[in-house]
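K.L.:
So that we are looking at the same thing, I have put the structure below in structure tokens.
The values are calculated or read from the model by the stated rules, or taken from the named source; none is laboratory data. The shown structure was predicted, so the numbers you read here are calculated from the model rather than taken from an experiment. Cβ sites come from the backbone with ideal geometry, for glycine too, and all protein chains shown count toward neighbours.
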Ligand SMILES: *Cc1c(COP(=O)(O)O)cnc(C)c1O
């Protein structure tokens, strides 16, 4: 036989948009699932399948699908769960685009959304009891103030009213929290962030355990055109072996950075679930046994102070309005993620012009602190 016994150690990239099938019987067998195989990349390809299998395992899911972005994963989940006339009860602290998706896009399709403080279980229960909601939508850790949602409580109250719990786990990642284990019906990740980890790909994932939802969610992905690019999947696969190393180091760094910042005179407030002064510290300690995440915020006097901090920190702590990069970056919620929200609402929520959000990375901690010190010395 001329079979080559050597197998590439690194994942192979399969950019093909279409696959050659030897005959009709094989085509039928692939369609029926009797033999493995791919036909058309929008319906599935080896790189998405390999990445999906890895994320399914990390989440403890029975099924899932990789999508072209985190927003595509949210769209796939919501399009699968909802029909015209349905109602959504959503956290009032969702990622801005998710709020926009519900408020503007789904509203046009006849789906109405009510927003609620998911940290107020009584308010959630009261709202659920007052109307027939199809979906309760929450984030495990919110942006930017890192409020933690009590997922077992939310799942219990949602299920008591016949409602599904859909969780955006992007800030937590499955290393910190597996929402499906805690009662969520559907979970999504923006793989663009911590899981991708290198700011060089745009992908999402959505999955669950309930077989009733499998076809409704995954079947819509090729039809709505939400499929993932093979090269991005290949990049994500390349990063996965170091995910746990990156994330656990970043969790430790974040806790140390938060405590270090709290001692600086330029900083009036530090927001991190790992600190006892965070409103959800006890819940976070219970729900996230392995750490408190990579995201934290600190507050400077005003916008001018933030400008001076960014200029003085320079390359050491890049101002880059995303998160989950392998090394530490910072963002400014008031002018980026929450830019178009009314100023009054932002101030009430605690998003001030002096608030800086850090996405802590896994680089040498002394280097991070040196960069932050340079920034703060410039304030
Ligand atoms: C970035 C992000 C998304 C959207 O993911 P994309 O990959 O950018 O489409 C959704 N939810 C949260 C919490 C995010 O941070």
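K.L.:
Could you please let me know if residue 192 is under 14 Å from residue 69 (Cα atoms) and in contact (Cβ under 8 Å) with a residue 12 or more places away in the chain?
P.N.:
So residue 192 fits the description; yes.
K.L.:
Check 164, 216, 147 and return the single one that is under 17 Å from the mean Cα position of the chain (by Cα) and either farther than 24 Å from residue 121 by Cβ or in contact (Cβ under 8 Å) with a residue 40 or more places away in the chain (or both).
P.N.:
147
K.L.:
Could you pull out the residue among 347, 339, 357 that is free of Cβ contacts under 8 Å to residues at least 12 places away in the same chain and either within 16 Å of the ligand (Cβ to nearest atom) or not in a helix (DSSP H, G or I) (or both)?
P.N.:
339
K.L.:
What do you reckon, is residue 140 more than 15 Å from residue 167 (Cα to Cα), in contact (Cβ under 8 Å) with a residue 12 or more places away in the chain and either within 16 Å of the ligand (Cβ to nearest atom) or surrounded by fewer than 21 Cβ atoms within 10 Å (Cβ to Cβ) (or both)?
P.N.:
The answer is no for residue 140.
K.L.:
Only one of 54, 62 is at pLDDT 95 or above, over 24 Å from residue 125 (Cα atoms) and surrounded by 15 or more Cβ atoms within 10 Å (Cβ to Cβ); which?
P.N.:
The conditions single out 54.
K.L.:
If you scan the stretch 82-106, which residues turn out to be more than 10 Å from the ligand (Cβ to nearest atom) and assigned to a helix (DSSP H, G or I)?
P.N.:
Selection gives 99, 100, 102, 103, 104, 105, 106.
K.L.:
Search the stretch 198-214 for residues being crowded, with 24+ Cβ neighbours inside 10 Å and within 13 Å of the ligand (Cβ to nearest atom), and hand back the single one that is nearest to residue 78 (Cα to Cα).
P.N.:
Of everything passing the filter in the stretch 198-214, 206 is nearest to residue 78 (Cα to Cα).
K.L.:
Still on this structure, I have one more. From the list 184, 262, which one is within 16 Å of the ligand (Cβ to nearest atom), touching a strand residue (DSSP E or B) at 6+ places or on another chain (Cβ under 7 Å) and free of Cβ contacts under 8 Å to residues at least 60 places away in the same chain?
P.N.:
From the options 184, 262, the qualifying one is 184.
K.L.:
Now, a different point. Checking the conditions here, which among 77, 44, 110 is touching a helix residue (DSSP H, G or I) at 6+ places or on another chain (Cβ under 9 Å), more than 16 Å from the ligand (Cβ to nearest atom) and either under 28 Å from residue 151 (Cβ atoms) or not in a helix (DSSP H, G or I) (or both)?
P.N.:
Unique residue meeting the criteria: 44.
K.L.:
Give all pairs with beta carbons closer than 7 Å in which a residue from the stretch 167-178 that is near the ligand (Cβ under 9 Å from one of its atoms) meets a residue that is part of a loop (DSSP other than H, G, I, E, B); count only pairs at least 6 apart in sequence or on separate chains.
P.N.:
Close Cβ pairs (under 7 Å, with a partner that is part of a loop (DSSP other than H, G, I, E, B)) amount to 168/95; 169/140; 169/177; 170/193; 171/140; 171/143; 171/293.
K.L.:
Being within 11 Å of the ligand (Cβ to nearest atom), free of Cβ contacts under 8 Å to residues at least 40 places away in the same chain and on the phi < 0 side of the Ramachandran plot is the requirement here; does residue 235 meet it?
P.N.:
Against the criterion (within 11 Å of the ligand (Cβ to nearest atom), free of Cβ contacts under 8 Å to residues at least 40 places away in the same chain and on the phi < 0 side of the Ramachandran plot), residue 235 does not qualify.
K.L.:
Same structure again: Identify all residues within the stretch 117-127 that are more than 16 Å from the ligand (Cβ to nearest atom) and either buried (at least 21 other Cβ atoms within 10 Å of the Cβ) or on the phi > 0 side of the Ramachandran plot (or both); write none if there are none.
P.N.:
Matches in the stretch 117-127: 124 only.
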